[in-house]
Amino acid sequence: MARTLFTKVWDSHVVHQPDGGPALLYVDLHLVHEVTSPQAFEGLRLAGRKVRRPELTVATVDHNVSTGDRRLPMADETAARQVAALVANAREAGVELFDLDSPEQGIVHVIGPELGLTQPGMVIVCGDSHTSTHGAFGALAFGIGTSEVEHVLATQCTVQSKPRTMEARFTGLPARGVSAKDLVLALIRRIGTAGATGHVIEYTGEAIRALSMEGRMTVCNMSIEAGARAGMVAPDGTTRAYLAGRARAPRGERWAPAVEAWSDLYTDAGATFDRTVVIEAGALAPQVTWGTSPGMTAEITDRVPDPADAPSEAERQSCRQALAYMDLLPGTPLEGIRVDRVFLGSCTNGRLEDLREAATVARGQRVATGVRAMVVPGSQAVKAAAEREGLDHIFREAGFEWRNPGCSMCLGMNEDVLAPGERCASTSNRNFEGRQGRGGRTHLMSPAMAAAAAVAGHLVDVRGLMRGKSGEYAD
Amino acid sequence: MQAFISHAGRVAALPRANVDTDQIIPKQFLKRIERTGFGECLFYDWRYLADGSSNPDFELNRPAAADATILLAGANFGCGSSREHAPWALSDYGFRAIVAPSFADIFFGNCCQNGLLPVVLPELEVKELLRRAAGAQKFYQLGIDLKSCRVRDGAGFDVGFVIDPYRREMLLHGLDEIGRTLQQESRIAAFERSRLASREASVS
């Protein structure tokens, strides 16, 4: 019978399927970080249970860590205690940990792929909603809560009801200046933040096939912002080229059999999805959020919407509340809205390609007066690679701060936060009220758009800058 | 896990859609390594003014919401981050159940893991409950029975709800899911052996 990519991965991981109940699924890779794991390890201890497969479990510190000078002790005592708890738990359980001093440290969803831990056909879980990122490799990867983290630690399995499937097909190729971030923001704008609840999305179409692995990770990363359990892309030559030679990817005599095993990971002709959404990628402009939910997105050439135009009273109310929080008036052109801060980073857009795109815009420019812009690489490896290319010089000379890796101002658990009322152009994934700091106002966009906003001092269509200096921009 | 069989209590109405887990429990409170004590931080940015005093305009601070144990909410409640601190905070505050037209997937599962019952009712029924809550003399009370899967107010509202039979069973008996899965040890071990064997066979 013809099966979808999702169904193939699901079927190959079912340990037990009770009649009428959820399946027991085997987990190939369990990623762990400091914020959602301490209570899980404590639960194991209280019940006298052990970590079943420590060698399939990998931990790092990312959420609460400082992006400042790593030689200094952590100033935040509660955060330091949480990091210390992970160090102790990992040691006790025999789980590999990339700690603050490790050259492999970074955002959990950045280091999994770059180490080659993330591989096609795997089931991957982590106590973090952006685990969907790893689906870019044709893995089934989803976020879980702390109770489920404890369950996976104890059993290497997870109890899951089978989700429905959705195809998000991006036809055509996006114009120059329109990136992976714009594709996924356009999808969320179309279907809403609960549009894919209960579904696993498979991203298909010419625009997805043309994306690099970094771009596919950006798209899959934000699946959760459409409410999806996971996002997936069928592995292909791009996937194999990315994985070849990675430290933890199959190597030597194990490479060819692995590639052979991955060759079946695609949706069969004739397989059906529960739902299909088609988006014309070639017709998209750069996207930017105007409200307090990722679905509140418009094209940069648009204006702030009028709540009166929303189709229901509930949506009118949401829109009014969002505009009040964002301090925006209906009808204001998005291009021209002034920003105070710019954040380049996160598991959505903190990889080398993202920094290259932003650096292309920043090269030879200056961050506008009154704007504070920071670049937070997604991992130590991204940071080192960027420095080898001289990207840090480009950013520093343009007036950006060049910081150490972590989740940083995506969620503001460390000292990187917006002050009340500050407006930020951000490459992260959530523009919720207070997400980047109480009273802070977030506009989500691509790395190139965020860099352009830093230089202009306001939201701006990066395509205009590209036209102005076409010689400096690689296609 | 705390079992949920039935519960009767006062209702707090929070008629907002897409309430995300960053609102339910802001990130600055996620650094604790315990499961308890999150209740005072629940809805922190909405509940307290910048000077730390109680925000009288916030729904949960109104007199009618005092001592509420059932939260009446809008669609897509609990979207965003997977933080289980959100249901921990709601439980710690005193809530035993949340009634809404829909929930985000991860949050729904996290509630069930903590004996906090998420009840999905059609949008129209939630609207009716909100209307009744707004019109109540002093407090509005509901009874939620997981055995019969019904929500009642004793004044004419009596509506059934559907919940996954597995979740219902776990909640009714307060079962330890890890303990149940560990009973499948022989199946897990067999699965691991067969995968290892096929991997080795492919290399040799």
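The values are calculated or read from the model by the stated rules, or taken from the named source; none is laboratory data. The structure presented is a predicted model; accordingly, all values stated were derived computationally and were not measured. Cβ atoms come from the backbone with ideal geometry, glycine included; neighbour counts cover every protein chain shown. What goes into the accessible areas is simple: the full protein's heavy atoms, side chains included, and nothing from ligands, DNA or RNA. Shrake-Rupley method; radii C 1.70, N 1.55, O 1.52, S 1.80 Å.
Residues in the stretch B:90-147 that are without any contact (Cβ under 8 Å) to a residue 12 or more places away in the chain and either in contact with a Phe, Trp or Tyr (Cβ under 8 Å, 6 or more places away or on another chain) or open to solvent by 10 Å² or more (accessible area, probe 1.4 Å) (or both): how many?
Going through the stretch B:90-147 one residue at a time, the tally reaches 6.
Can you tell which of B:Phe161, B:Phe157 is of a type outside the set (Asp, Glu), under 30 Å from B:Ala136 (Cα atoms), more than 12 Å from chain A (Cβ to nearest Cβ) and under 18 Å from the mean Cα position of the chain (by Cα)?
Checking each option against the conditions leaves just B:Phe161.
Could you please find all residues in the stretch A:182-199 being away from every other protein chain (no Cβ under 14 Å) and either of a type outside the set (Lys, Arg) or outside any helix (DSSP H, G or I) (or both)?
A:Asp182, A:Leu183, A:Val184, A:Leu185, A:Ala186, A:Leu187
Taking B:Ile144 and the conditions (1) within 12 Å of chain A (Cβ to nearest Cβ); (2) modelled with pLDDT of 95 or more, which numbered condition does it fall short on, given that it satisfies the others?
Condition not satisfied by B:Ile144: (1).
Go through the stretch A:243-294 and count every residue that is assigned to a strand (DSSP E or B) and in contact with a Phe, Trp or Tyr (Cβ under 6 Å, 6 or more places away or on another chain).
The number of residues fulfilling the criteria is 1.
Output the residues belonging to the stretch A:348-377 that are open to solvent by 10 Å² or more (accessible area, probe 1.4 Å) and not in a loop (DSSP other than H, G, I, E, B).
A:Leu352, A:Glu353, A:Arg356, A:Glu357, A:Thr360, A:Arg372
Restricting to the stretch A:389-431, name every residue that is in a loop (DSSP other than H, G, I, E, B) and of a type in the set (Ser, Thr, Tyr).
If the condition is that a residue be in a loop (DSSP other than H, G, I, E, B) and of a type in the set (Ser, Thr, Tyr), then A:Thr427, A:Ser428 are the ones that fit.
Yes/no per residue for (1) touching a Phe, Trp or Tyr at 6+ places or on another chain (Cβ under 9 Å); (2) of a type in the set (D, E, K, R); (3) open to solvent by 10 Å² or more (accessible area, probe 1.4 Å); (4) touching a residue at least 12 places away in the same chain (Cβ under 8 Å):
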residue: A:Ala2; (1), (2), (3), (4): no, no, yes, yes
residue: A:Leu5; (1), (2), (3), (4): yes, no, no, yes
residue: A:His30; (1), (2), (3), (4): no, no, no, yes
residue: A:Glu42; (1), (2), (3), (4): no, yes, yes, no
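Consider only pairs whose beta carbons are under 9 Å apart and that are at least six residues apart or on different chains; among these, list those whose first residue lies in the stretch A:151-175 and is free of Cβ contacts under 8 Å to residues at least 60 places away in the same chain and whose second residue is in a strand (DSSP E or B) and of a type in the set (Val, Ile, Thr).
A:His151/A:Thr158; A:His151/A:Val159
Need at least 2 residues that are among the aliphatic types (A, V, I, L, M) and under 26 Å from A:Gln160 (Cα atoms) per element, so show me which strands (runs of 3 or more DSSP E) inside the stretch A:1-100 make the cut, counting only ones lying wholly within it.
So the answer is A:14-16, A:23-26, A:29-33, A:57-60.
Residues that are open to solvent by less than 10 Å² (accessible area, probe 1.4 Å), within 12 Å of chain B (Cβ to nearest Cβ) and under 30 Å from A:Ala384 (Cβ atoms): does the stretch A:154-166 have at least one?
no
Residues to consider are A:Arg52, A:Arg71, A:Arg81, A:Arg91; find the one that is free of Cβ contacts under 8 Å to residues at least 40 places away in the same chain, facing chain B (nearest Cβ under 9 Å) and of a type outside the set (A, V, I, L, M).
A:Arg81
Considering only the stretch A:265-285, state which residues are within 26 Å of the chain's Cα centre (by Cα) and open to solvent by 70 Å² or more (accessible area, probe 1.4 Å).
A:Tyr266, A:Asp274, A:Arg275, A:Glu280
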